[in-house]
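Trainee: One structure is given below, represented as structure tokens, and several questions about it will come after.
The values are calculated or read from the model by the stated rules, or taken from the named source; none is laboratory data. A quick note: this is a predicted structure, and the numbers were derived from the prediction, not measured. Glycine also receives a Cβ, built like all others from the backbone with ideal geometry; neighbour counts cover every protein chain displayed. With ligands, DNA and RNA removed, areas are computed over all heavy atoms of the protein, side chains included. Shrake-Rupley method; radii C 1.70, N 1.55, O 1.52, S 1.80 Å.
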Amino acid sequence: MITIIAATNRPNSNTLKVAKYYQKQLKEKGADANLFSLEHLPIDVLNTDMYGKRSEAFQEIQNMIYQTEKFLFIMPEYNGSYPGVLKVLIDASNFPDSFYDKKAALVGISSGKYGNIRGVDHFTGVCHYINLHVLPLRLHIPNIKTELDTEGNLSQPDTIKFTNEQIEKFIKF
Ligand SMILES: Cc1cc2nc3c(=O)[nH]c(=O)nc-3n(C[C@H](O)[C@H](O)[C@H](O)COP(=O)(O)O)c2cc1C
């Protein structure tokens, strides 16, 4: 199973729009993908699911992670890195069997001009630590507000070209 992680809990995020765009494009290329937004982490996750504790609500997320062989992380740039809530997901998930020897593709987005280059690098380091293999083609989408049209589609020809290339490589990965 493929799971797309929209890696923020901010309501109405551009991250979720990009995640839905990727889900649609994957489907057009014949690959069904599940989508999980970090808005749907248990509200009290820091108290109920860290350091050996486990809530029923997180257990469902844990099961989804177990069933996933390939993850696509869409991560916004927050203060020069990826959001802390994404690290919470990783830290709350069982180690090492949640991600070990699985595969991931990474996409950074930002309203600024760097497309979360640093956050994607930071998260790549975490992926290596947990033995999650990262697709070499990592994408950075800056100026996200000028990229998305009213339907939530990417609009710049170069971005569409590179996202298509990444999706095709991810399917074969
Ligand atoms: C807490 C926070 C920190 C942010 N820090 C940055 C930043 O360091 N660089 C940047 O280009 N944009 C930054 N942004 C703007 C986001 O890149 C912008 O909101 C974009 O739409 C992606 O985030 P979203 O998925 O929450 O919409 C920040 C936004 C938030 C909420």
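Trainee: So between E69 and M50, what do we pick up on full extension, going 0.36 nm a residue minus the alpha carbon distance? Working shown, then result.
Mentor: Values: separation 19, 0.36 × 19 = 6.84 nm, distance 2.32 nm.
Residue separation times 0.36 nm, minus the Cα-Cα distance, leaves 4.5 nm.
Trainee: Sort V85, V107 from largest to smallest accessible area, using a 1.4 Å probe on the heavy atoms of the protein chains.
Mentor: V85, V107
Trainee: Output ³J(HN,Hα) for segment 18-31: one whole-Hz value per residue in order, computed from phi by the Karplus curve 6.51 cos²θ - 1.76 cosθ + 1.60 with θ = phi - 60°, and x for Gly and Pro.
Mentor: 5, 4, 5, 4, 4, 4, 5, 5, 4, 4, 4, 9, x, 10
Trainee: If I take every Cα pair under 8 Å that is 6 or more residues apart in segment 1-79, average their sequence separation and divide by the length, what percent do I get for the relative contact order?
Mentor: Computed over segment 1-79, the figure is 49 percent.
Trainee: Return the sequence-ordered ³J(HN,Hα) values of segment 49-62 in whole Hz as given by the Karplus equation 6.51 cos²θ - 1.76 cosθ + 1.60 applied to θ = phi - 60°, using x for Gly and Pro.
Mentor: 3J(HN,Hα) across segment 49-62, in whole Hz: 9, 9, 6, x, 8, 8, 8, 4, 4, 6, 4, 5, 5, 4.
Trainee: Ignoring ligands and nucleic acids, what accessible area does D91 show with a 1.4 Å probe (Å², nearest 10)?
Mentor: Solvent-accessible area, nearest 10 Å²: 80 Å².
Trainee: Quick check: residue separation of E28 and N143 times 0.36 nm, minus the Cα distance between them. What number comes out in nm? Don't skip to the answer; put the middle values down first.
Mentor: Details: separation 115, 0.36 × 115 = 41.40 nm, distance 2.55 nm.
The E28-N143 span can extend by a further 38.8 nm.
Trainee: Can you give me the long-range amide H partners of L72? Hydrogens built in the peptide plane at 1.01 Å from N, cutoff under 5 Å, separation of 5 or more residues or another chain.
Mentor: For L72, the qualifying residues are T3, I4, I5, A105.
Trainee: In percent, how large is the relative contact order of the chain, given Cα pairs closer than 8 Å and 6 or more residues apart? List each step's numbers first, then the result.
Mentor: Numbers: 289 pairs, mean separation 39.6, N = 173.
Result for the chain is 23 percent.
Trainee: If you average 1/r across every pair of different Cα atoms in segment 2-172 and take the reciprocal, what Kirkwood value do you get, in Å?
Mentor: For segment 2-172, the Kirkwood estimate is 16.1 Å.
Trainee: With each run of n ≥ 4 DSSP H residues scored as -39500 (n - 2.57), what mean residue ellipticity at 222 nm is computed for the chain after dividing by its residue count and rounding to the nearest 500 deg cm²/dmol?
Mentor: -12500 deg cm²/dmol
Trainee: Another question about this same structure. How much net charge surrounds Y129 when only other residues with a Cβ under 15 Å from its Cβ are counted (Lys, Arg +1; Asp, Glu -1)?
Mentor: Result for the neighbourhood of Y129: -2.
Trainee: Order M64, M75, most accessible first, counting only protein heavy atoms with a 1.4 angstrom probe.
Mentor: Descending order: M64, M75.
Trainee: Send over a whole-number figure in Å² for the accessible area per residue of the chain, probe 1.4 Å.
Mentor: 51
Trainee: Calculate log10 I(q)/I(0) of segment 94-157 for q = 0.16, 0.21, 0.24, 0.28 Å⁻¹, where I(q) comes from the Debye formula with a single equal point scatterer on each Cα and nothing for solvent.
Mentor: Taking Cα atoms of segment 94-157 as identical point scatterers yields -0.61, -0.83, -0.94, -1.10.
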